[in-house]
Amino acid sequence: MGWVDSATRTRLPPVVLAVVTVVLLFGRSLAQSPNNAPGSLALDRKQYEKALSLFSSAIERNPRNAFAWLDKGRTIAMMNATARPDDYCDSDNNWIFLALAHLNEALRLDPKAVAERIRTDRSEFARFRETVEFKLWWAAAGPLPNTDAELRTFFRENPAWNKEGSASPIREALTLRADGQAELFSAGQTKSGGAWRVSGGKLTIVNGKRIDSYQLVRTQFFIRDGSLHFDFLQLGTEWTMGKILHDCTF
């Protein structure tokens, strides 16, 4: 009640003060838990299955409820903690993919509020934020660099790219070294891939007479027959940022 100073309080009738207090406390509660109270309470009590059911029901009632999507994603992540999926390549049942897909939809529906909640979350969900998969998704879900200077910084901070293909494991890996050289891992060997640079909003790799140019693009990985997806980054259609798909063939 910071906006009601002490002098004002002494002049307000007790009934009015009571109403003001209730309204402020109720508003604060909604701000802290924008989703329905039963689900949030169940999550706070680590009743994960119950929370999951309640948030699922909230999404069914209102598919545009960003915080229901967010809290369902948080619940999936928290109930599985740091356990690896039983079968990582079973994409429809990979709990990491499911959590990311729900967070992705929440961010799409309300980018500013959801991003702030994710960044400031101090619950056990914070452990999920430290996973490789989350960090790769988070980089893909936010605003992409749109100047050459921003792209250079981005590639220096994210040098590892992998080629997704029909074979498993991934056959090739590309590393953009800080000294401007590219390394290519292929057929079990590492060799020079040429020199890389950024110009005109593209990454260009020059290797002898060969010149390859790539646009940084955001694309979607679909699960559950296309009903859910999460974002990841690619260079053109060949190179995938990091190993978010864990060398699986889908």
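If we keep just the residues of the stretch 53-79 that are of a type in the set (S, T, N, Q) and within 14 Å of ALA101 (Cβ to Cβ), which is surrounded by the most Cβ atoms within 10 Å (Cβ to Cβ)?
Restricting attention to the stretch 53-79, the residues satisfying the condition of being of a type in the set (S, T, N, Q) are 53, 56-57, 62, 65, 75.
So of that shortlist, the ones also within 14 Å of ALA101 (Cβ to Cβ) come out as 56, 75.
Values: SER56: 15, THR75: 27.
Top of the filtered list is THR75.
Just need a number here: residues in the stretch 194-204 that are more than 23 Å from LEU144 (Cβ to Cβ) and either among the aliphatic types (A, V, I, L, M) or touching a Leu at 6+ places or on another chain (Cβ under 8 Å) (or both).
1
Taken together, the values in this text are just the output of simple stated rules run on the coordinates, not laboratory data. Just so you know, these numbers come straight off a predicted model, no measurement behind them. Backbone-built Cβ (ideal geometry, glycine too); neighbour counts: all protein chains shown.
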